[in-house]
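Asks: Shown below is the structure under consideration.
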């Protein structure tokens, strides 16, 4: 059940105040979402800033509720520090888009202060005793939290631009700091921050050409004003005006084609969570900064949320692999986003389940929506359905990539059909069959003909895989011992060997024994390039008419996948 905001004492800043702030912000962003989407022209005019802020706030609210259910139902208690940390963590792992990622870092900055200092809650609201920037009262504490939030948000963005939500956050922090220095209460600091944010938002069209040209204020800043209004409401019990910003900042309709100015920008948005050290993240920032723009890296304590716009999504993902362990990878093509901004659906899209981050990037480059599967963590039907929805097309071809996912794929397809999407599930049993299907995908042809061609290409591709035995067991090729290299063909163990290269050669001999025109090799993250070079030479030596292509599967992929068409 949704949390019912509770009335706060005039200067009370505790876990319930955070919970109330979260609930009010989520509700307010929900009401303002469409209006904010409508004025979204920077950095990409894809009409999703309001939605991304709402989804990020929803994840933050869910993180707080799940971590501390007692806060929502009145049966339990928790500290301010625990509550605000759970709230910020929920935002970090659920952040969406450029604006949502920055919001997550703002909340982290708030948590860094409120989670480290315990305020002295006053018995009565007396500014002379409980305020002040340097004091222990809640007004000064809140002012310091807002200042830290703005500082960390600016630091998270590779190339900060004024006239954006960063400008709004900075203005709110300065106004709050001034109120705190004047011995203001938490309510007074919140009100000052809200007013400062509104004033800064009204000035954004004069700071950013894209906004001035479109006749709008910054969409992310508009969402942040809503969040500051919720803070003031949580502490004061007074509801902000329906139009939080007046004058030039009142939302106005976009031009007929607001996306045209962005067509020359990077083609993809890449977002992922990353487990890495701070030193590795510093190197990652430099590498990603050279690949694209709109780079925002937020987080800390070993967990980061990475957001960047690039033309080569595979390179962005590989950079994360070098830095640490990326997961929850989302690759979005801006062409799809621009169609969505105009209220259009693509005619057809492909959703592919792939066991490797490199393969996910490869599928993204081919125009598919990838769903990354990690060992032991098969995606549920809900995750596949979410991918179908994100593809935002009238027709979707779903490539499950494994027999164990057929049931989930069928369930997702059935639900999508109920929502008006035409879905076909091609029963691919390996990622190499999915690659073969993608190679013949024709988005311009008829749906039925496309599905038939993709199904035929997948069906004509024999698939092999090399794996390492974890224990002694009986197989169709005999008894294997722990550490043996197993060569599987079409899902069955066909070869038991001691070395990767030798076993792969034996598998290739068997697979090519019945003919073939193309061999696809997908190398795991720990397989050296020399192995691929030897296997390519082996194929060329024994089968002169057979071509070979090699890809890097990336983290989570098997040691070697083989496809023969």
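Asks: I'd like the full set of residues that are part of a strand (DSSP E or B) and either within 21 Å of residue 524 (Cα to Cα) or within 16 Å of the chain's Cα centre (by Cα) (or both), limited to the stretch 375-398. Let's see the steps before the verdict.
Replies: The initial filter retains those residues of the stretch 375-398 that are part of a strand (DSSP E or B), namely 377, 393-398.
If the condition is that a residue be part of a strand (DSSP E or B) and either within 21 Å of residue 524 (Cα to Cα) or within 16 Å of the chain's Cα centre (by Cα) (or both), then 377 is the only one that fits.
Asks: Of the residues in the stretch 20-44, how many are over 22 Å from residue 90 (Cβ atoms) and in a helix (DSSP H, G or I)?
Replies: Matching residues across the stretch 20-44 total 4.
Asks: A follow-up question, please. Residues that are more than 13 Å from residue 467 (Cα to Cα), in contact (Cβ under 8 Å) with a residue 12 or more places away in the chain and in contact with a helix residue (DSSP H, G or I) (Cβ under 8 Å, 6 or more places away or on another chain): does the stretch 487-502 have at least one?
Replies: no
Asks: Take residue 71 and decide whether it is modelled with pLDDT under 70, surrounded by 19 or more Cβ atoms within 10 Å (Cβ to Cβ), assigned to a helix (DSSP H, G or I) and out of contact with any strand residue (DSSP E or B) (no Cβ under 8 Å at 6 or more places or on another chain). Working first, answer last.
Replies: On the way: modelled with pLDDT under 70: yes; surrounded by 19 or more Cβ atoms within 10 Å (Cβ to Cβ): yes; assigned to a helix (DSSP H, G or I): yes; out of contact with any strand residue (DSSP E or B) (no Cβ under 8 Å at 6 or more places or on another chain): yes.
Spelling it out, residue 71 is indeed modelled with pLDDT under 70, surrounded by 19 or more Cβ atoms within 10 Å (Cβ to Cβ), assigned to a helix (DSSP H, G or I) and out of contact with any strand residue (DSSP E or B) (no Cβ under 8 Å at 6 or more places or on another chain).
Asks: Given the criterion buried (at least 16 other Cβ atoms within 10 Å of the Cβ), in a helix (DSSP H, G or I), free of Cβ contacts under 8 Å to residues at least 60 places away in the same chain and not assigned by TED's automatic domain parsing to the domain that holds residue 553, identify the matching residue among 416, 411, 456. It would help to see each step written out before you state the result.
Replies: On the way: 411 fails: buried (at least 16 other Cβ atoms within 10 Å of the Cβ); 456 fails: buried (at least 16 other Cβ atoms within 10 Å of the Cβ).
Just one listed residue meets the conditions, 416.
Asks: Something else: Please state which one of 401, 358 is touching a residue at least 24 places away in the same chain (Cβ under 8 Å) and assigned to a loop (DSSP other than H, G, I, E, B). Steps first, answer last, please.
Replies: Numbers: 358 fails: assigned to a loop (DSSP other than H, G, I, E, B).
Just one listed residue meets the conditions, 401.
Asks: Another one. Counting only residues that are part of a helix (DSSP H, G or I), buried (at least 24 other Cβ atoms within 10 Å of the Cβ) and under 26 Å from the mean Cα position of the chain (by Cα), how many does the stretch 421-444 have?
Replies: Residues flagged as part of a helix (DSSP H, G or I), buried (at least 24 other Cβ atoms within 10 Å of the Cβ) and under 26 Å from the mean Cα position of the chain (by Cα) within the stretch 421-444 amount to 4.
Asks: While we're looking at this one, here's another question. In the stretch 151-164, how many are buried (at least 24 other Cβ atoms within 10 Å of the Cβ) and under 18 Å from residue 177 (Cα atoms)? Lay out the reasoning, then the answer.
Replies: Taking the stretch 151-164 and keeping what is buried (at least 24 other Cβ atoms within 10 Å of the Cβ), we get 153, 156, 164.
Narrowing further to those that are under 18 Å from residue 177 (Cα atoms): 153.
Qualifying residue count for the region: 1.
Asks: So, in the stretch 503-549, exactly how many residues are within 25 Å of residue 401 (Cβ to Cβ), assigned to a helix (DSSP H, G or I) and in contact with a helix residue (DSSP H, G or I) (Cβ under 7 Å, 6 or more places away or on another chain)?
Replies: Residues in the stretch 503-549 being within 25 Å of residue 401 (Cβ to Cβ), assigned to a helix (DSSP H, G or I) and in contact with a helix residue (DSSP H, G or I) (Cβ under 7 Å, 6 or more places away or on another chain): 5 in total.
Asks: Which numbered condition in (1) closer than 24 Å to residue 298 by Cβ; (2) out of contact with any strand residue (DSSP E or B) (no Cβ under 9 Å at 6 or more places or on another chain); (3) at pLDDT 90 or above is the only one that residue 198 fails?
Replies: In the conditions (1) closer than 24 Å to residue 298 by Cβ; (2) out of contact with any strand residue (DSSP E or B) (no Cβ under 9 Å at 6 or more places or on another chain); (3) at pLDDT 90 or above, residue 198 misses (1) alone.
Asks: Also, quick follow-up: Quick check, is residue 328 surrounded by fewer than 23 Cβ atoms within 10 Å (Cβ to Cβ) and either in a helix (DSSP H, G or I) or modelled with pLDDT of 90 or more (or both)?
Replies: On the way: surrounded by fewer than 23 Cβ atoms within 10 Å (Cβ to Cβ): yes; either in a helix (DSSP H, G or I) or modelled with pLDDT of 90 or more (or both): no.
So residue 328 does not fit the description; no.
Asks: Which residues, taken from the stretch 165-177, are buried (at least 24 other Cβ atoms within 10 Å of the Cβ) and in contact (Cβ under 8 Å) with a residue 60 or more places away in the chain?
Replies: In the first step, residues of the stretch 165-177 are kept if they are buried (at least 24 other Cβ atoms within 10 Å of the Cβ); the result is 165, 167-169, 172-173, 175-176.
The answer is 165, 169.
Asks: Tell me, which residue of the stretch 461-476 that is surrounded by 15 or more Cβ atoms within 10 Å (Cβ to Cβ) and assigned to a loop (DSSP other than H, G, I, E, B) is nearest to the chain's Cα centre (by Cα)?
Replies: 461
Asks: Scan the stretch 218-231 and tell me whether some residue there is more than 16 Å from residue 48 (Cα to Cα), modelled with pLDDT under 90 and either outside any helix (DSSP H, G or I) or not assigned by TED's automatic domain parsing to the domain that holds residue 331 (or both).
Replies: No: zero hits.
Asks: Another question about this same structure. Of 515, 542, 554, which residue is free of Cβ contacts under 8 Å to residues at least 24 places away in the same chain and out of contact with any strand residue (DSSP E or B) (no Cβ under 7 Å at 6 or more places or on another chain)? Show your work before the answer.
Replies: Numbers: 542 fails: free of Cβ contacts under 8 Å to residues at least 24 places away in the same chain; 554 fails: free of Cβ contacts under 8 Å to residues at least 24 places away in the same chain.
Within the list 515, 542, 554, the selection yields 515.
Asks: Among the listed residues 27, 45, 38, 65, which satisfies the condition of being modelled with pLDDT of 85 or more and at negative phi? Can you show your working first?
Replies: Details: 45 fails: modelled with pLDDT of 85 or more; 38 fails: modelled with pLDDT of 85 or more; 65 fails: modelled with pLDDT of 85 or more.
Answer to the selection: 27.
Asks: Separate question: Of all residues in the stretch 80-114, which are under 19 Å from residue 155 (Cβ atoms) and not in a helix (DSSP H, G or I)?
Replies: Selection gives 95 alone.
Asks: Here are 180, 184, 139: which of them is crowded, with 24+ Cβ neighbours inside 10 Å, part of a loop (DSSP other than H, G, I, E, B) and over 26 Å from the mean Cα position of the chain (by Cα)? Walk me through how you get there before you give the answer.
Replies: Details: 180 fails: part of a loop (DSSP other than H, G, I, E, B); 139 fails: part of a loop (DSSP other than H, G, I, E, B).
Of 180, 184, 139, the one residue that is crowded, with 24+ Cβ neighbours inside 10 Å, part of a loop (DSSP other than H, G, I, E, B) and over 26 Å from the mean Cα position of the chain (by Cα) is 184.
Asks: Any residue that is outside any loop (DSSP other than H, G, I, E, B), in contact with a helix residue (DSSP H, G or I) (Cβ under 9 Å, 6 or more places away or on another chain) and at pLDDT 80 or above - is there at least one of those in the stretch 242-249? Spell out how you get there, then give the answer.
Replies: Going residue by residue through the stretch 242-249, those that are outside any loop (DSSP other than H, G, I, E, B) are 247-249.
When the remaining residues are screened for being in contact with a helix residue (DSSP H, G or I) (Cβ under 9 Å, 6 or more places away or on another chain), the result is 247-249.
Filter once more, so that each one left must be at pLDDT 80 or above: none.
No, the stretch 242-249 has no match at all.
The values are calculated or read from the model by the stated rules, or taken from the named source; none is laboratory data. These numbers come from a predicted model, not from an experiment. Note that we place each Cβ from the backbone using ideal geometry, even for glycine, and neighbour counts take in every protein chain shown.
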